[in-house]
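Step one of this worksheet: look at the structure below.
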Amino acid sequence: MRAISYDTFGDNDVLHVTDQPVPKVGPGEVRIRVTGAAVNPVDWKLMAGGLDALMDASFPVIPGWDVAGVVDAVGPDTPEFVEGDRVAAYARKQIVSAGTFAEYVTVMADAAAAVPGEVEDDVAAALPLAGLTALRTLETLAVAKGDTVLVHAAAGGVGFLAAQLAVAAGAHVVGTASQANHAKLSAIGVTPVTYGEGVVQRLREIAPDGFDAIADLVGGVLEESLEVLREDGRLASIADPTVQEHGGRWVWVRPDGERLGNLLDEVAAGRLRVEIDRTFPLEQVAQAFEVSQSGSARGKLVIEVA
């Protein structure tokens, strides 16, 4: 099968189009013929060796943790799906190796979710990691109706979904973003605030009593967060483990087909919007990584495989 892979840690130059064996399908697994996969910053951070102390890698590595496609085969004792089902999954495995930037990938059945007919493949591919991370962060913060919630990087891939989910929960949501993204946030019921110098003062003007909960989805904002967090407030980060030293939670999301299915249903019903910046063919994963690394994407970056 065609795949993008790398044989050693490094920058984008280590990525190559290669021919890899089609993965075997074990008990409780499904094999997916990939139609789309999405880029996440963790993909190129792993490639650079940035998480080598945390996760083992087996080379050659096929990157990619988001996938949408069609079930090609099912392993023994896997009654949840049949060949031909449209599915999506957050396909992280314990060992970094067989990812989703390939024509086929296997995942455990409980990590996969059926894709409703109303949801296009690109959208289904873009949702799993970002959507599950957003949901897990809000659950960790116990966001509830009436809370005043701050979402850092609220216009980003995870932040935009987290902001929508927090609004749907009945919270008053404030989101940091560049001026160019203020209208986008206002349209989903979020109060936008420009990040950068003076952000603490701007946040205090909006929430003089402080925030009940703060979701850090970008990193590098711990000091500002602590200055505007209520004394009994809750803090969680997906990017900065040092929040744990201040009573916060460092969030790592797990594959979860049931929760992903719920998110896909919300998308199908029009209650949750996934924004896609652009798509790339499989051969241009390196170019997609460059866009992700630049921080210029205004939405998810999707790799179209089939």
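The values are calculated or read from the model by the stated rules, or taken from the named source; none is laboratory data. The structure displayed is predicted, hence computed values, not measured ones. No Cβ is skipped: glycine too gets one built from the backbone with ideal geometry, and neighbour counts run over all protein chains shown.
When you go through (1) at pLDDT below 95; (2) surrounded by 15 or more Cβ atoms within 10 Å (Cβ to Cβ); (3) small (Gly, Ala, Ser) one by one for residue 53, which number turns out not to apply?
All conditions pass for residue 53, except number (2).
Which residue is surrounded by the fewest Cβ atoms within 10 Å (Cβ to Cβ), if the candidates are limited to region 161-195 and must be over 19 Å from the mean Cα position of the chain (by Cα) and part of a strand (DSSP E or B)?
By that ranking, first place goes to 194.
Against the condition more than 28 Å from residue 187 (Cα to Cα), crowded, with 16+ Cβ neighbours inside 10 Å and aliphatic (A, V, I, L, M), how does residue 285 come out, does it pass?
Details: more than 28 Å from residue 187 (Cα to Cα): yes; crowded, with 16+ Cβ neighbours inside 10 Å: yes; aliphatic (A, V, I, L, M): yes.
Answer is yes for this residue.
Just for region 290-306: of the residues that are in a loop (DSSP other than H, G, I, E, B) and either at pLDDT 95 or above or among the aliphatic types (A, V, I, L, M) (or both), which one is nearest to residue 184 (Cα to Cα)?
Top of the filtered list is 297.
Among the residues of region 47-69, how many are aliphatic (A, V, I, L, M) and either under 20 Å from residue 131 (Cβ atoms) or not assigned by TED's automatic domain parsing to the domain that holds residue 29 (or both)? Working first, answer last.
The initial filter retains those residues of region 47-69 that are aliphatic (A, V, I, L, M), namely 47-48, 51, 53-55, 57, 61-62, 67-68.
Pick out the ones that are also either under 20 Å from residue 131 (Cβ atoms) or not assigned by TED's automatic domain parsing to the domain that holds residue 29 (or both) and you get 67-68.
Residues in region 47-69 being aliphatic (A, V, I, L, M) and either under 20 Å from residue 131 (Cβ atoms) or not assigned by TED's automatic domain parsing to the domain that holds residue 29 (or both): 2 in total.
Buried (at least 18 other Cβ atoms within 10 Å of the Cβ), within 14 Å of the chain's Cα centre (by Cα) and modelled with pLDDT of 95 or more - does that describe any residue in region 272-281?
yes
For region 196-289, please list each of the strands (runs of 3 or more DSSP E) lying entirely inside it that holds at least 2 residues being free of Cβ contacts under 8 Å to residues at least 24 places away in the same chain. Lay out the reasoning, then the answer.
Values: elements: 211-216, 229-237, 276-281.
Hits in region 196-289: 229-237.
Test residue 144 against the stated conditions and say whether it is closer than 30 Å to residue 83 by Cα and either in the same structural domain as residue 238 (by TED's automatic domain parsing) or of a type in the set (Gly, Ala, Ser) (or both). Steps first, please.
Numbers: closer than 30 Å to residue 83 by Cα: no; either in the same structural domain as residue 238 (by TED's automatic domain parsing) or of a type in the set (Gly, Ala, Ser) (or both): yes.
In short, no.
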